[in-house]
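To start, the structure under review is shown below, and the notes come after it.
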Protein chains: 2
Amino acid sequence: MPDTVEGRDAVDLLERSRSAVEPQLRAAVASLPAPVRRVAGYHFGWERADGTEATGSAGKAVRPALVLAACRALGGDPQQAVRAAAAVELVHNFTLLHDDVIDEDPTRRHRPTAWSVFGVPDAIVTGDAMSALALGLLAGDRHRASAAASVRLSACVIELCAGQQADCALEERPPHEVTLDECLAMATAKTGALLGCACALGALYAGAGAEEVAAMDAFGREAGLAFQFIDDLIGIWGDPERTGKPAGADLAARKKSLPVVAALSSGTAAGAELAELYRGSMDAAAIRRAADAVERAGGRDWAQLQAGDRMSRAVGELSRAVPDLAAAEDLLSLAEFVTRRNR
Amino acid sequence: MPDTVEGRDAVDLLERSRSAVEPQLRAAVASLPAPVRRVAGYHFGWERADGTEATGSAGKAVRPALVLAACRALGGDPQQAVRAAAAVELVHNFTLLHDDVIDEDPTRRHRPTAWSVFGVPDAIVTGDAMSALALGLLAGDRHRASAAASVRLSACVIELCAGQQADCALEERPPHEVTLDECLAMATAKTGALLGCACALGALYAGAGAEEVAAMDAFGREAGLAFQFIDDLIGIWGDPERTGKPAGADLAARKKSLPVVAALSSGTAAGAELAELYRGSMDAAAIRRAADAVERAGGRDWAQLQAGDRMSRAVGELSRAVPDLAAAEDLLSLAEFVTRRNR
């Protein structure tokens, strides 16, 4: 797949999507009651904790770009799908707000998380309000896909909730009891669901039929899983200079990421060694040994292969939705981008 | 207003509404992914913590009864509004789940709260899922009021969030800095909004015009405020035998309820005495003295008068929506019921 499509690479595409969607997103957030709006504005990076304007980034906004690109790929007018794109980005950010509360994460996008600045109650109610705002935005759209898109986004939120629940439940269980199937199901719900929904909404807004919508959904899900495999590899072997996280961050936290669970369930001596390391606390030496053990147990190669396999499946699904793949260049470019990113 | 309407009092009406709505509500909850469904089933009192069936009450379900009664009062078929009634009850219960997390309340309906049984993460994601379920239920309804009702319910959820945020913010401020206007605005958002929305949804499902919908909304809001005044009076002078709470529970918690804030801002010696009491911890003697101070400062009489005034306004709004009040007997009966209840 080419890195550059007609001179516009994925970074340009993301930039143009952000420009198209951000006014709608800001207008929606501006409609929230003041104290809730302020927490949301901080979370998006538009405001500092004291309420003054900030110029921080609100994230890459891959999901709204997928909505617009999916709409365009199926012959729709992306301008008409801007509300849907904003709704998807609101849902993504509502889950981040609540996940940060649940995981007690202190930082997000290199800034203190909203709950650590405004307190847990404000972060919970702001997430609640952003979720309702997203669904109301879609329901109130005059586009004829509005009702179907609302139902689809509602189902996606429920799946995201189940994914977050599964993530918490898996983290509390002993590593050797966690199966790869459970990890994959969790990643599908937590990561694949919203990327799939973004593509499905784009298809709905293009007036696509049920089969095309389902294929677009599957494309987004598979790309999302490919992304998750890469993200998990970066969590172990990512370059701290590029990721902004210490080396082996996921191992330090004894996370049950996909390569780790693959290694633990490999039945190899290296897998047993990893299990033993995961019983203790992880100093720098233990992290290095654990990374080595995951690799020797085959977890690294497997995850790399799986990422490629999921991308192939994604392309297969996309070709079902859009037989002329030339029309889907932007989608391919976005899928490529999220699966080779180094943040 | 008669206690009994054609031989059916409000208790019967509530019972019949519950029977009409509960199958839809249970089917909706049953559609949730298993772990989230279990927390929801526990919260509704349908299941014990171990997942076995329970026969507990899921609450009085006043809000769904208001949806059906408002629909009937405006000539609609309440059967068609059952989904909307279930959606409103889901929203009510999602806010209870999250409020219990935020307030760290240990009990709800005489049972341990969901977060205290399943943990905070499960309670947060289950509330999130129930909120999305409610909005998806409305968006997916084939009734022509579906889109307008979804938009209305979404706006209501946002208002409820702002109300909960305001409640937390007020509780953290020094008592003498809290104004009655702020307390009333908070009660309107936290309690009035959903009762108003329930009535508005019933009106929308009856095919009513914008003015009737607005009047129904205002009826529900005013009745909700009347309810809040009575609830606050019960929080101070309620009979522990009937309420199941110790006498003066709200004073023990130094809550800034409406009669308390009225007393604190009365400029009377009794108000100053109450302010002084609220600075210390509240033993039984202090609670008795505080209740006496609220009464002498005029907080009790004022709240009682306000409750009556709000009920009058509610009836006035109702007569704007339904000129022949005979058709609105059920709504009046429900409003009466919630404002004289002794739980």
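A short reminder: the numbers here are calculations on the coordinates, not readings from a lab. What you are looking at is a predicted structure, and each value in this text was computed from that prediction instead of being measured. Methodologically, a virtual Cβ is constructed for each residue, glycine included, from the backbone with ideal geometry; neighbour enumeration extends over all protein chains shown.
See the values below:
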item: Furthest towards positive pole of dipole, B:T243, B:V21, A:W302, structure part the protein assembly as shown, Cβ charges; result: B:V21
item: The stretch A:48-153: Rg to Rh, with Rh as the Kirkwood radius over Cα pairs; result: 1.03
item: Point-charge dipole on Cβ atoms (K/R +1, D/E -1) for chain B, about Cα centre, debye to 20; result: 500 debye
item: Dipole magnitude (debye, nearest 20) for the stretch B:110-195, charges at Cβ of Lys, Arg, Asp, Glu; result: 520 debye
item: Ranked list, fewest to most other Cβ atoms within 10 Å of each Cβ, for A:T243, A:T113, B:T107; result: B:T107, A:T243, A:T113
item: Segments B:220-227, B:235-242 sorted - mean Cβ within 10 Å per residue, highest first; result: B:220-227, B:235-242
item: Under the Karplus curve 6.51 cos²θ - 1.76 cosθ + 1.60, θ = phi - 60°, whole-Hz ³J(HN,Hα) for the stretch B:23-38, x wherever Gly or Pro sits; result: x, 5, 5, 5, 5, 5, 5, 5, 7, 6, x, 3, x, 6, 4, 5
item: Shielding of A:27-35 by partner chains, average beta-carbon count, 10 Å; result: 2
item: Built amide H within the under 5 Å cut-off of A:E47, gap 5+; result: A:Y42, A:A54
item: Rounded D (µm²/s) - the protein assembly as shown, Kirkwood Rh over Cα pairs, Stokes-Einstein at 25 °C, 0.890 mPa s; result: 92 µm²/s
item: Per-residue average of Cβ from other chains inside 10 Å of B:141-154; result: 4
item: FRET efficiency, 1/(1 + (r/R0)^6) with R0 41 Å, evaluated for A:A169 and B:S19 via beta carbons; result: 0.70
item: Nonlocal amide H pairs with A:R108, under 5 Å, H built at 1.01 Å; result: A:T113
item: Residue order, fewest to most beta carbons within 10 Å, for A:T95, A:T55, A:T188; result: A:T55, A:T188, A:T95
item: Under Karplus coefficients 6.51, -1.76 and 1.60, residue-wise ³J(HN,Hα) of the stretch B:324-332 in Hz, glycine/proline x; result: 8, 4, 4, 6, 10, 3, 4, 5, 5
item: Check: the protein assembly as shown dipole with +1 on Lys, Arg Cβ and -1 on Asp, Glu Cβ, in debye; result: 200 debye
item: Cysteines, chain B, no other Cys beta-carbon under 4.7 Å; result: B:C71, B:C161, B:C168, B:C183, B:C199
item: 10 Å Cβ neighbours from other chains, averaged over peptide B:162-169; result: 6
item: Dipole of the stretch A:246-333 [Lys/Arg +1, Asp/Glu -1 at C-beta], most positive-end residue of A:S312, A:A327, A:A253; result: A:A253
item: Residue among A:P121, A:V157, A:A145 farthest towards the positive dipole end of the stretch A:121-183, charges placed on Cβ; result: A:A145
item: Helical contribution to [θ] at 222 nm, DSSP H n ≥ 4, -39,500 (n - 2.57), averaged over the protein assembly as shown, rounded to 500; result: -22500 deg cm²/dmol
item: Fewest-first sequence of A:R48, A:R173 by Cβ atoms within 10 Å of each Cβ; result: A:R173, A:R48
item: The stretch A:117-257: translational diffusion in µm²/s, Stokes-Einstein, Kirkwood Rh over Cα pairs, 4 °C, 1.567 mPa s; result: 76 µm²/s
item: Compactness relative to 2.2 N^0.38 Å, alpha carbon Rg of chain B; result: 0.99
